1. Mind listing which trypsin sites (Lys or Arg not before Pro) in the range A:78-128 are in a DSSP loop and have 14 or fewer other Cβ atoms within 10 Å?
2. If you add up the charges near B:Q412, with Lys and Arg at +1 and Asp and Glu at -1, over every other residue whose beta carbon is less than 11 angstrom from its beta carbon, what do you get?
3. Can you flag which of B:K100/B:K129; A:K12/B:K365; A:K7/A:K118; B:K210/B:K451; A:K28/A:K118; B:K129/B:K441 are past 32 Å Cα-Cα?
4. Given the C-alpha centroids of the range A:95-158 and the range B:322-384, what is the distance between them in whole angstrom?
5. Pull out the extension gain between B:F407 and B:S320, defined as 0.36 nm times the separation in residues minus the alpha carbon to alpha carbon distance; nm, one decimal.
6. What distance in nm separates the simple spin-label points at B:K208 and A:W54, each placed 7 Å from Cα in the Cβ direction?
7. Through the Karplus equation 6.51 cos²θ - 1.76 cosθ + 1.60, θ set to phi - 60°, convert the phi angles of the range A:50-64 into ³J(HN,Hα) values in whole Hz; use x for Gly and Pro.
8. Once the piece of chain linking B:K441 and B:A423 is laid out straight, how much longer is it, given 0.36 nm per residue of separation minus the C-alpha distance between them?
Amino acid sequence: MQTNHHKERLYKILVIGDLGVGKTSIIKRYVHHNFSPNYRATIGVDFALKVLNWDQETVRLQLWDIAGQERFGNMTRVYYREAMGAFIVFDVTRPASFEAVTKWKEDLDSKLTLTNGKHVATVLLANKCDQGRDVLTNNGIKMEQFCQENGFVGWYETSAKENINIDEAANCLVKHIIASEKDMLQSEVSDTITPQLEKDKGGTCSSCFRSQ
Amino acid sequence: MATASLILYIDRSLFARRVKDNRPVEQRDPGWKLFGKVPPREGPIKDPKKVQKEYETKSGRGGPGNPTSPRQSVRKNLDFEPLSTTALILEDRPANLPAKPVEEAQKHRQQYEEMVAQAKKRELKEAQKRKKQLEDRCKLEESIGTAAQTWNQEILPNWSAMCTSRRVRDLWWQGIPPSVRGKVWSLAVGNELNITHELYHICLSRAKVKWKTTPASSAETETEDAGCSDRESSLELIKLDISRTFPQLCIFQQGGPYHDVLHSILGAYTCYRPDVGYVQGMSFIAAVLILNLDTADAFIAFANLLNKPCQMAFFRVDHSLMLTYFAAFEVFFEENLPKLFAHFKKNNLTPDIYLIDWIFTLYSKSLPLDLACRVWDVFCRDGEEFLFRTALGLLRLYQDVLTCMDFIHMAQFLTRLPDLIPAEQLFQHIATIHMTSRNRKWAQVLQALQKDHERGSPVLKH
């Protein structure tokens, strides 16, 4: 990272999850502020760039919109490299897409670790919440528990269509990415690496959980 | 062809009318308010269609199916009377002010005339340009018409004898007329698999049985054992993807005229090749075929197309073979566009990032549909190497833009190409790409790389 007076941060963020859960729609909403029901299926990977002002710094988010079909896994996994954060998306109207969430998370964690040995910050998105609520996401406590158990830094009910919680989710992710970057720098500086307990990680994240 | 005849008609009527008709437009068209100066209409307000009809009969061109817009009727006058002369008027100073000195008045008059002359010149130029465009389009439509005749009457009846001739190959490069495109594709792709219409119907009925026996789409992934869940849930994936195939055309979506056809072909294929199943990208290929062929013939072409070595490698997601293809592509990339190649290398932009989409959908997703069909034309003629040649043609076309970009902007640009891509220019660029590298052709380069990889190159381990 540059350390001169005009600081600029660049983060690569993955957007993964089953086919048709709305990954592309979420990105289009976040970056281009619009929604269309007519997005074409993503083949391979698509890209978007979002520039944020964050505490008087410029943060550039490189969003990697990765095709959802499991079969592509072998070739799209190379795209995980050097990512600093991820969204895992599921469709609240399709329970199977939620069941795949743990699979996506395990896949991500097995392929990608930060230099300090930790996993990248990952936010879970329960998309299409405008189309009715899943039994699971209805139970906030259960979802928080699910996130803690599976190492998500937070979860949001989102709707790309109605523009619900997309910015909030992204801010949450950026916040955690910056925190983990600081953490990495510290562990690089000090000769002794102090392993942190998972509990601590969970504690810092509660701020992210929405209180509805 | 409807558009062809329409354009021809408009053009002809335009030229014909210019000669005999010198009356100002507004006198003939009492219905159009747009041109002002029309006294308020008396009588009941007519609906626009009626007005249109009356206008057509009055102007003597009430032919069937010739919707004319007011613009076209005004345009005919442009060659002779530039609009600016009516917009810019030289007036004397108002009476309550002292009159201009003669000298000044003359100077102003001169300036005014110069301005009008310049405007006239510019507008004349524009009018001529428009006329030229119209003529070009006309010529193009006419050439498509004559080409269709040639294909239908000369080439198709003598296919096996003529298809490799120089003349046919040249004609082929220029694009196959839409009316014979499907037939030519079918013949060129062939039917090595010997699929009959009957076999298609058998596969389809099997698919239908499957659709019925899997009640809730979401439940199936749980019941199937994990290993083949992906293949087995093909049917669900198809449903999700169909609506996302050429959504802008609104014909493959639920309730659209080709929704069931696309569903049938993809479903039948998963029964024909359960080992391959449904893979994203297939829906785009099947859709393009459906637009050019009858259902069963589209299925035959689809299955045979996917059976080609390059397509099989990609749709079976044979990772090491795909990497071999990318490596071969890079050999020709470096050979043809060394500067851009170096720029890509410097920015870590690997070919998989843009080629995956292009190869999986045979450009039907990334190029405008008519242009994609032209790529398919030559792909049917030249085989897989043309897919990679097209990629290099695209990179060459946008070389200057790309060399000014960083990784993310290049990746964005290539995964979402401009909406308007000049077809002729693209094909000119493709034509300049040489598919030989140190005297080796595409197939030889590919084969050599394949052998290297079989010997166990560590590069491919991931």
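Every number in this text was worked out from the coordinates using simple rules, so none of it is lab data. From a predicted model like this one, the values you see are computed outputs, not experimental measurements. FYI the Cβ positions are ideal-geometry reconstructions off the backbone, even for glycines, and counts take in every protein chain you see.
1. Working: sites: A:R81, A:K103, A:K105, A:K111, A:K118, A:K128; in loops: A:R81, A:K118, A:K128.
In loop regions of the range A:78-128 (DSSP not H, G, I, E or B), the sparsely surrounded trypsin sites (Lys or Arg not before Pro) are A:R81.
2. Taking every other residue near B:Q412 into account, the sum is -2.
3. With Cα atoms farther than 32 Å apart: B:K100/B:K129; B:K210/B:K451; B:K129/B:K441.
4. So the separation of the two Cα centres works out to 36 Å.
5. On the way: separation 87, 0.36 × 87 = 31.32 nm, distance 2.46 nm.
Full extension from B:F407 to B:S320 adds 28.9 nm.
6. Label-label distance for B:K208 and A:W54, simple model: 5.5 nm.
7. Values per residue, Gly and Pro as x: 10, 10, 10, 9, 10, 6, 6, 10, 9, 10, 9, 9, 9, 9, 9 Hz.
8. Numbers: separation 18, 0.36 × 18 = 6.48 nm, distance 2.59 nm.
Difference between extended and current length: 3.9 nm.
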